[in-house]
Amino acid sequence: MHRLVNAVGMKAVTLMLALGVAAGAQMPVSHSTVAATLVQTPPMGWNSWNHFKSKVTQQDVMDAADALVKSGMRDAGYVYVNIDDTWEAERDAQGVLHTNSKFPDMKALGEYVHARGLKFGIYSSPGPLTCAKYAASLGHEQQDADLYASWGVDYLKYDLCSFRTNMTEAQAAHPEDTELANRMMRQSYVTMRAALDKTGRPIVLSLCQYGWDNVWAWGASVGGNLWRTTGDIRDTYDSMTGIGFSQAGLAKYAGPGHWNDPDMLEIGNGGMTADEYRTHMSLWAMLAAPLIAGNDLSKMTDETKGILMNRGVIAIDQDSLGRQGDRVRADGPQEVWSKPLAGGGLAVGLFNRGSWNQTMSVSLKELGVKNAKAIVNVWTGEKLDTKGGVTAVVPKHGVLLLRITE
């Protein structure tokens, strides 16, 4: 046992020295001037994981890029084409990371994506291994950043994964320093942000660490452009709403260039009803969340396309004011949320979390609206009466999404 502790201690000390994290040091902060200029509205695009998972190939990504264009999603704002885990092979004698047989030419893939007016994203981890146990970036941050830049990468999802073991080992070696593990986590992101900036290519940094240590309070300070606030989403109503409605109270931490990320969209993957997927899209828009589709774009129904590409809903998400919405009230299964919009308008969501249709109401006074010039049902385009407020029957697990102009 003594030898094990000593071994862990030596390993932890070596890692801490490599990261530049000293016991008892201050929390690290990024001095990036690049990060603040990126994603002034929440990023929109597609990611391979939710549908393809470990089976994704270069051809799948090329097909996704083509489908974004053909379907009209690119023109609606979905521009990032992001490869998730399992593209990696091994490092050579010089430490350069190579792709596996599923991705024979990553540079050509980046060029293919860019040629279609889209942007290119990739995935790694600050630990030695990714979640799927492929080679990750620990000790090779600048080398990997340079490689990504040479491929034309525009977006990096950086998933904590195996680095949690490094954090745990270091903390065990220094139990007196209760913030050591958190400092190491933050430093890992500062290190990669600096490496990305050094390439001279503007690359979005997406922190994927599941909301640990209240990441929303410090994600921007380490150079993150967006940060996961929760665990992984699943294609179920309970998972989606459990994540989405838990975002209440986080609005003050989001804004242009730095966004709370409740994870990717499951719309079109088949696990929810149309009303539930409209709730998903509406809630993410109210949250000013990244809209990263995770379905098979080559097999979308018209219903799925209509949900993902509703211009009114997207406009709420992409509103230039950059404000995240928040809960106004919750009465049992009924929730009312509002989101300030540029020009003094307001987006309002009446969400029915119950398992039966319910009549819901909200008054203009409750919303702080003195004089509504127009109230529009965003999903249908119907113009509603502007006097007093709104009352409507909202379907089970459904939503009434409104845009109010003052």
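Throughout, read-outs are computed from the coordinates displayed, never taken from laboratory work. Because the structure is predicted, anything quoted here is derived from the model rather than measured. Heads up, the Cβs are rebuilt from the backbone with ideal geometry, glycines too, and the neighbour counts pull from every protein chain shown.
Need the full-extension length gain, Glu111 to Met62, defined as separation in residues times 0.36 nm minus the C-alpha distance. One decimal, nm.
Taking Glu111 through Met62 to full extension adds about 16.6 nm, to one decimal.
Cross-link pairs exceeding 24 Å between alpha carbons, from the set Lys339/Lys373; Lys198/Lys252; Lys299/Lys396; Lys70/Lys198: Lys198/Lys252; Lys299/Lys396; Lys70/Lys198.
On full extension of the chain, what length is gained from Val69 through Asp177, given 0.36 nm per residue of separation minus the C-alpha to C-alpha distance?
Numbers: separation 108, 0.36 × 108 = 38.88 nm, distance 5.14 nm.
Length difference between fully extended and current span is 33.7 nm.
Axis of helix 163-173 versus longest Cα principal axis of the chain: the two differ by about 60°, to the nearest ten degrees.
Computed on the Cα atoms alone, the convex hull of the chain gives a volume of 152 cubic angstrom per residue. Just grab the label-to-label distance for Arg329 and Trp356, each label 7 Å out from Cα along the Cβ direction, in nm (one decimal). About 2.2 nm, to one decimal.
So what is Rg over Rh here for region 213-315, counting just Cα atoms and using Kirkwood for Rh? Display every interim value, and only then the final one.
Details: Rg = 13.8 Å, Rh = 14.1 Å.
Rounded to two decimals, Rg over Rh is 0.98.
Fully extending the segment from Ala23 to Ala274, taken as 0.36 nm per residue of separation minus the present Cα-Cα distance, adds 85.2 nm.
Loop-only chymotrypsin sites (Phe, Trp or Tyr not before Pro) in region 335-405, please: DSSP not H, G, I, E or B, and at most 11 other Cβ atoms within 10 Å.
Trp356
Using r as the Cβ-Cβ distance of Asp92 and Thr301, and R0 as 51 Å, what FRET efficiency do you calculate, to the nearest 0.05? Spell out each step's value before the answer.
Working: r = 45 Å, r/R0 = 0.88.
FRET efficiency, Asp92 to Thr301: 0.70.
Every helix of 4 or more DSSP H residues in the chain counts as -39500 (n - 2.57), and over all residues that averages to -9500 deg cm²/dmol at 222 nm.
Given Cα pairs under 8 Å that are at least 6 residues apart, what percent is the relative contact order of the chain?
On the way: 878 pairs, mean separation 62.0, N = 406.
RCO, the chain: 15 percent.
Set the Förster radius R0 to 41 Å, insert the Cβ-Cβ distance between Thr37 and Lys396 as r into 1/(1 + (r/R0)^6), and round the FRET efficiency to 0.05. Mind dumping the intermediate values first?
On the way: r = 44 Å, r/R0 = 1.06.
E(calc), rounded to 0.05, equals 0.40.
For the pair Lys373 and Arg311, a Förster radius of 25 Å applied to the C-beta separation gives a FRET efficiency near 0.80, rounded to the nearest 0.05.
So what is the relative contact order for region 66-154, in percent, with contacts set as C-alpha pairs under 8 Å and at least six apart? It would help to have the intermediate numbers written out before the result.
Details: 116 pairs, mean separation 26.4, N = 89.
Averaging sequence separation for qualifying contacts and normalising by length gives 30 percent for region 66-154.
The peptide list 202-212, 137-147, put in order of mean Cβ contacts within 10 Å with the highest first, becomes 202-212, 137-147.
Compute the distance from the alpha-carbon center of region 114-132 to that of region 348-384, in whole Å. Region 114-132 and region 348-384 have Cα centres spaced 39 Å from each other.
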